[in-house]
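A.B. asks: Take this structure, written in structure tokens, and hold onto it; I'll ask about it next.
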Amino acid sequence: MNYPRLVLAFVGATVAYFAFGFAMFAALPAMKSEFMKYPDVYRSKDSMMKMMPFGMIAILISIVVVAVLYAKLYPVGGGIASGALIGVFSVCTFVIHNYVNLNIGLKLTVYQGVSYFIQWLIVGTAIGLLYKPV
């Protein structure tokens, strides 16, 4: 593995993840409104802010894991195809899982599915563009 490029891929993917996430909530206030319809399911804003460090650590670990998996599985380069696979993985393991287990509506599930798919597509693509095996 090319560790300097792995670090570069991690940093680039992290910036892409948070930039897109911020843009999605700014561009789609309706998605935030959908979250607010389920106060018994989701934490309040103040409560979420207290838990935010754990979420940040989990996201950073997730991006490191995806970057390492990419480096191990796609030594030649995967680009947008690997990003799409990561996007599908996130939708299946997070969005659909939440729809089944949480008392949330289909509209919120669709918002989450589209936004998280695109967000992880961007992360995977950034990793694919930035990581080079040698």
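A.B. asks: Can you tell me which residue is nearest to the chain's Cα centre (by Cα) among those in the range 29-44 that are more than 15 Å from Asn101 (Cα to Cα) and either among the β-branched types (Val, Ile, Thr) or not in a helix (DSSP H, G or I) (or both)?
C.D. replies: Arg43
A.B. asks: Here's a follow-up. What number goes with the only condition from (1) modelled with pLDDT of 90 or more; (2) surrounded by fewer than 14 Cβ atoms within 10 Å (Cβ to Cβ) that Leu73 does not pass?
C.D. replies: Unmet for Leu73, out of (1) modelled with pLDDT of 90 or more; (2) surrounded by fewer than 14 Cβ atoms within 10 Å (Cβ to Cβ): (1).
A.B. asks: Please find, among Ile61, Ile96, Ile80, Ile57, the residue that is out of contact with any His (no Cβ under 9 Å at 6 or more places or on another chain) and in contact (Cβ under 8 Å) with a residue 24 or more places away in the chain.
C.D. replies: Residue meeting the stated conditions: Ile80.
A.B. asks: Further question: Name the pairs whose Cβ atoms lie under 9 Å apart, with the first residue in the range 106-134 and over 21 Å from Phe25 (Cα atoms), the second open to solvent by 10 Å² or more (accessible area, probe 1.4 Å) and basic (Lys, Arg), and 6 or more positions between them or separate chains?
C.D. replies: So the pair list comes out as Leu130/Arg5; Tyr131/Arg5; Lys132/Arg5; Pro133/Arg5; Val134/Arg5.
A.B. asks: Which count do you get for residues in the range 83-110 that are of a type in the set (Ser, Thr, Tyr) and either under 22 Å from Pro4 (Cα atoms) or open to solvent by 50 Å² or more (accessible area, probe 1.4 Å) (or both)?
C.D. replies: 2
A.B. asks: Determine whether Val66 is open to solvent by 40 Å² or more (accessible area, probe 1.4 Å) and either part of a helix (DSSP H, G or I) or not β-branched (Val, Ile, Thr) (or both).
C.D. replies: no
A.B. asks: Criterion first (modelled with pLDDT of 90 or more, over 20 Å from Ser62 (Cα atoms) and surrounded by fewer than 21 Cβ atoms within 10 Å (Cβ to Cβ)) does Val114 satisfy it?
C.D. replies: No, not satisfied.
The values are calculated or read from the model by the stated rules, or taken from the named source; none is laboratory data. Quantities reported herein were computed from a predicted structural model and do not represent experimental measurements. For neighbour counting, all protein chains shown are included, and Cβ atoms are generated from backbone atoms with ideal geometry for every residue, glycine included. We work out accessible area using only protein heavy atoms, side chains counted, and drop any ligands, DNA or RNA first. Shrake-Rupley method; radii C 1.70, N 1.55, O 1.52, S 1.80 Å.
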